[in-house]
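Okay, structure first, notes after.
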Amino acid sequence: MPLPPITDAFSARKVLQQIEARLRAEGVEGFREPPEEPTSCCGRGCEGCVWEGYFAAVGWWRDDALKLLGRERSRS
């Protein structure tokens, strides 16, 4: 199942849910926790909003998890 692009909080949550489900299904333990959603957004649309950093962090977490899942699958 293809993962949605990370463009907002909803899509970030969806990606995290899907990857965490795959990690559990593959029996991968000890992978680091995903980034936490920001709590300090002021809602004014600032340049460099905390959400932009969060979306990037979710993308890096996703990429690392997918690499790990690929290595785990190749070991089987």
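The values are calculated or read from the model by the stated rules, or taken from the named source; none is laboratory data. Just so we're clear, the structure is a prediction, and the values are computed from it rather than from any experiment. When we count neighbours, we look across all protein chains shown, and the Cβ atoms used for this are built from the backbone with ideal geometry, even at glycine. In case anyone asks, the SASA skips ligands and DNA or RNA and just uses the protein heavy atoms, side chains included. Shrake-Rupley method; radii C 1.70, N 1.55, O 1.52, S 1.80 Å.
Out of the total accessible area of the chain (probe 1.4 Å, heavy atoms of protein only), what percent is carbon and sulfur?
Values: 2780 of 5380 Å².
About 52 percent, which is the carbon plus sulfur part of the accessible surface.
Quick one: grab the alpha carbon gyration tensor of the stretch 1-41, order the square roots of its eigenvalues as a ≥ b ≥ c, and give me rounded if a/c is under 1.5, else prolate or oblate depending on whether a/b is larger than b/c.
Working: a/c = 3.76, a/b = 1.42, b/c = 2.65.
Note, shape of the stretch 1-41 comes out oblate.
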Magnitude of the Cβ-charge dipole of the chain, K/R +1 and D/E -1, about the Cα centre, nearest 20 debye? 320 debye
Set Lys and Arg Cβ to +1 and Asp and Glu Cβ to -1, take the dipole of the chain about its Cα centre, and tell me which of ALA57, PRO35, LEU3 lies farthest positive. LEU3
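Please compute the per residue accessible area over the chain with all protein chains in place, 1.4 Å probe, rounded to a whole number of Å². If you can, show how the numbers build up before the last one.
Working: 5380 Å² over 76 residues.
Dividing the accessible area of the chain by its residue count gives 71 Å².
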Just to be sure I understand the model, the point goes 7 Å from the Cα along the line to the Cβ. What's the resulting SER11 to VAL28 distance in nm? 2.1 nm
Dividing the alpha-carbon radius of gyration of the chain by 2.2 N^0.38 Å, where N counts its residues, gives 1.22
How many nm separate the modelled label positions at GLU37 and TRP60, each set 7 Å beyond the Cα in the direction of the Cβ? 2.1 nm
Exposure rank, largest accessible area first [LYS14, LYS67; 1.4 Å]: LYS67, LYS14
